[in-house]
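Reading through the structure tokens given below for one structure.
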Amino acid sequence: MPQINIAPAGETTDLVPHHTNSSPNQAASPISIKKRKARRALIGATIFCTLFTVIEFGGGWYANSLALINDAAHQLTDVANLAMSILALQASAWKRSKKYTYGWKRAEVVGALVSIFTVWAIVGFILVEAVQRSISIIKCARGDKDASCEGIDAEVMLAIGAIGIFANAA
């Protein structure tokens, strides 16, 4: 016999009947098919972004480019956000219990908070690195022998940056 899920006050539900006598041969509901497709797409995007993050960070390190390292850090937050979306999608399907009366639907909010704090931590790192490099440039201009006066490999930076434009468009 089909049952309709009734959500607690302030929460919405999909109002799709959930059969209690489901068999393995029974077709999946359209919602579960959509969730599976979304999960597959998120996993694919996570793998792609992870690969490009590693390439971009390695290229930024090799080229001594804070801009590429900054973009790699940004990509890393994208990877983390995609991973949290996968987890939140999975967690939101978990059933309510006596302890978690709203279920796990709030997992997305926690994921967003973690994402925000991660971005702020990366911003702090980039600011510290930018100040250190600015001080190094001033020391190099003065002729200080203790300063690290390495240049930026513009060709590597340009190539990886161009690939990054296409990766972001994909």
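The values are calculated or read from the model by the stated rules, or taken from the named source; none is laboratory data. Being a predicted model, the structure only gives us computed values, none of them experimental. For neighbour counting, all protein chains shown are included, and Cβ atoms are generated from backbone atoms with ideal geometry for every residue, glycine included. For accessibility, only protein heavy atoms count, side chains too; no ligands or nucleic acids. Shrake-Rupley method; radii C 1.70, N 1.55, O 1.52, S 1.80 Å.
Taking Cα centroids, how far is region 54-91 from region 102-170 in Å? Measuring centre to centre over Cα atoms gives 10 Å.
Send over a whole-number figure in Å² for the accessible area per residue of region 79-140, probe 1.4 Å. Show your work: numbers first, answer last.
Working: 4400 Å² over 62 residues.
I get 71 Å² per residue for region 79-140.
Computed FRET efficiency, Cβ-Cβ of VAL131 and LEU87, R0 45 Å: what is it to the nearest 0.05?
Details: r = 35 Å, r/R0 = 0.78.
Using R0 = 45 Å, I get an efficiency of 0.80.
For LYS99, a cut-off of 29 angstrom between C-alpha atoms picks up these lysines, skipping any fewer than 8 places away in its own chain: LYS34, LYS35. Distant-in-sequence amide contacts of ALA147, defined by a placed amide H-H separation under 5 Å and a gap of 5 or more residues or a different chain, comprise nothing.
At 0.36 nm per residue, minus the direct Cα-Cα distance, what do ARG40 and ALA169 gain on full extension? Give it in nm, one decimal, please.
On the way: separation 129, 0.36 × 129 = 46.44 nm, distance 1.91 nm.
Using 0.36 nm per residue and subtracting the Cα-Cα distance, I get 44.5 nm.
With both labels modelled 7 Å from their Cα along Cα-to-Cβ, the TYR100 to THR50 distance reads 2.3 nm.
Out of the chymotrypsin sites (Phe, Trp or Tyr not before Pro) in region 71-156, which ones are loop residues according to DSSP with at most 15 other C-beta atoms within 10 Å? Can you show the working numbers first?
Details: sites: TRP94, TYR100, TYR102, TRP104, PHE117, TRP120, PHE125; in loops: TRP94, TYR100, TYR102, TRP104.
Loop-located and lightly packed - TRP94, TYR100, TYR102.
Taking 7 Å steps out from each Cα toward its Cβ at VAL114 and LYS145 produces label points 5.1 nm apart.
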